[in-house]
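The values are calculated or read from the model by the stated rules, or taken from the named source; none is laboratory data. The structure presented is a predicted model; accordingly, all values stated were derived computationally and were not measured. Positions of Cβ are generated from backbone atoms using ideal geometry, with glycine treated the same way; all protein chains shown enter the neighbour counts.
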Amino acid sequence: MKTRIIQVILLIVIGFLAYQVWETIQTPVRFEKAKDFRTEIVVQRLKDIRSIQQMYRSLNDTFAPSIDVMMQFLKEAQIPVVNIVYDPTDTLLVKTINDTIGYKPVVDSLFGNRPNFKIDEFIYIPFSDGKIFEMGATQIDRGGVRVPVFMATAKKEYYLNGLDENMIKDKDVKDLIVGSLEEPSLDGNWE
């Protein structure tokens, strides 16, 4: 009878230890899956911010200095719709006649083909409980020329909110950044 009880206890201990080993292996796997899923969504928002900033720069010769200015631009700005035809007096077809035929909202121009795009949720980092992207813009000197630059950041603590805190602190897990305030670059650190 005693050996039977010992066998049952050992079986329970073995089962518990096997579960612990399984969890030790699966915890990082689950974290990586969740991190990859969240990163993909946040990267898309950062790419959208880059698109808006490029449109802002094409119309204003600089980048939007803050997320508020960028959002106001996105909601209110319009870009001209231009009809371009060749000048009939030019036999070489080099000269064109540009005729503005109307204006189109920037938000429709950039995101009109995305039915799930919600302009009011755009500034919030997904999965962060309402945290807003950090963004700044300035000008730097490159070879005697003033070059506009911007940077937008989603901190890892924000977009990985609710996941294993020890794994978030890992040095290999990084904040997601597009642009730079030190270099004339529009690249993201995920590219």
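Assorted remarks:
- Filter result for Ile119 (among the hydrophobic types (A, V, I, L, M, F, W, C), touching a residue at least 12 places away in the same chain (Cβ under 8 Å) and exposed (fewer than 13 other Cβ atoms within 10 Å of the Cβ)): yes
- Qualifying positions in region 96-136 - in contact with a Ser or Thr (Cβ under 8 Å, 6 or more places away or on another chain) and more than 16 Å from Lys47 (Cβ to Cβ): Glu134, Gly136
- Conditions (1) in contact with a Gly (Cβ under 6 Å, 6 or more places away or on another chain); (2) loosely packed, with under 10 Cβ neighbours inside 10 Å; number of the one not met by Val81: (2)
Every residue, every condition in (1) at pLDDT 90 or above; (2) surrounded by fewer than 16 Cβ atoms within 10 Å (Cβ to Cβ), yes or no:
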| position | (1), (2) |
| --- | --- |
| Lys2 | no, yes |
| Leu11 | no, yes |
| Ile25 | no, yes |
| Arg45 | yes, no |
| Pro65 | yes, yes |
| Gln72 | yes, yes |
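- Only residues that are more than 17 Å from the chain's Cα centre (by Cα) and over 30 Å from Val145 (Cα atoms) were counted across region 35-89, and they come to 11.
- Once region 150-191 is narrowed to residues that are of a type in the set (Gly, Ala, Ser) and touching a strand residue (DSSP E or B) at 6+ places or on another chain (Cβ under 7 Å), the residue that is surrounded by the most Cβ atoms within 10 Å (Cβ to Cβ) is Ala154.
- Conditions (1) in contact with a Pro (Cβ under 6 Å, 6 or more places away or on another chain); (2) buried (at least 16 other Cβ atoms within 10 Å of the Cβ): number failed by Val147: (2)
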